[in-house]
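Participant: I'd like to ask some things about the structure below.
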Amino acid sequence: METGLDRTVVLQVPITFRDLQLDDLDPQRLGWSGGAVHLEAIREALEWAWTGEVDLLVGELPTGQLVACGAVDHRRHPSELWMLSVDARWQSLGVGTALIGALEHRVIDRGGERAGLGVEWDNPRARALYSRLGYVESGLVLDGWPQDDGTRYVTWSTAMTKSLT
Ligand SMILES: CC(C)(COP(=O)(O)OP(=O)(O)OC[C@H]1O[C@@H](n2cnc3c(N)ncnc32)[C@H](O)[C@@H]1OP(=O)(O)O)[C@@H](O)C(=O)NCCC(=O)NCCS
């Protein structure tokens, strides 16, 4: 009797990148992206999205499961990609690349010619991904955000920009 046979199965999964809705702000749906403070930051970004100054997107499977989330802040010059995250169970499959492409399209749709982002100095994997996608280092900035334990995390980040023309 044969046991333990390995089989390679190649799957293609359609993911829809759409505007985040209020109903999505549920730990059951977006809890993989961070704790309560992170979800609160997404809620604040949603208010800016309602004013049209931010685009806030989620990547959704046909089942309705959310696997990616990210924003682009058009108040910054150039427009800045922000809060990029992919569910750990769906990373390294091209989802982040597709999310960034969808956000860049929101910049192009507004006539923008450049996009920027910041990546923490100790996140070489994300930096390598952004370099591969055409982002070029443009400086070093001090960045920070609140954490679930009430403290503020402060870090050096590398600023990167990309021409979209
Ligand atoms: C950074 C992040 C958003 C990237 O998303 P992702 O879905 O993992 O990105 P991609 O899959 O498009 O590309 C990343 C990797 O997949 C590989 N890849 C891309 N397309 C692929 C494909 N079709 N098949 C297999 N691998 C692929 C890339 O070569 C890269 O390799 P690595 O795993 O050695 O780094 C995600 O990893 C994440 O949420 N990380 C934690 C939070 C974070 O660091 N956010 C960024 C803050 S600046």
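Participant: Against the longest alpha carbon principal axis of the chain, how many degrees, from 0 to 90 and to the nearest 10, is the axis of helix 36-50 turned?
Facilitator: Once rounded, the angle reads 60 degrees.
Participant: Explain nothing, just the number: relative contact order of the chain, from Cα pairs under 8 Å at least 6 residues apart, as a whole percent.
Facilitator: 17
Participant: I've got another one for you. For the range 1-125, what Kirkwood radius comes out of the mean inverse Cα-Cα distance, in Å? Write out the running numbers ahead of the final one.
Facilitator: Values: mean 1/r = 0.0636 Å⁻¹.
15.7 Å is the Kirkwood radius here.
Participant: Sort Asp24, Asp149 by accessible area with a 1.4 Å probe, largest first.
Facilitator: Details: Asp24 5, Asp149 115 Å².
So the residues, ranked largest to smallest area, are Asp149, Asp24.
Participant: Moving on to the next point. Would you mind pulling out the separation of the Cα centroids of the range 104-141 and the range 1-40, in Å?
Facilitator: 23
Participant: Sort Ser92, Ser85, Ser163 by accessible area with a 1.4 Å probe, largest first. Before the final figure, lay out the partial values.
Facilitator: Working: Ser92 95, Ser85 25, Ser163 55 Å².
Output order, biggest surface exposure first: Ser92, Ser163, Ser85.
Participant: With a probe of 1.4 Å, find how much accessible area the chain has per residue, and write the answer as a whole number in Å². Write down the numbers at each step before the final one.
Facilitator: Details: 10000 Å² over 165 residues.
I get 61 Å² per residue for the chain.
Participant: Based on alpha-carbon atoms only, what is the radius of gyration of the range 1-53 relative to the globular estimate 2.2 N^0.38 Å? Could the numbers behind the result be given before it?
Facilitator: Numbers: Rg = 18.8 Å, N = 53, 2.2 N^0.38 = 9.9 Å.
Against the compact-globule rule of thumb, the ratio is 1.89.
Participant: Of the accessible area of the range 10-103, with the probe set at 1.4 angstrom, what percent is carbon plus sulfur?
Facilitator: Details: 2550 of 4850 Å².
Solvent-exposed carbon and sulfur of the range 10-103 make up 53 percent of the total.
The values are calculated or read from the model by the stated rules, or taken from the named source; none is laboratory data. These figures come from a predicted structure and were not determined experimentally. Surface areas here come from the heavy atoms of the whole protein model, side chains and all, with no ligands, DNA or RNA. Shrake-Rupley method; radii C 1.70, N 1.55, O 1.52, S 1.80 Å.
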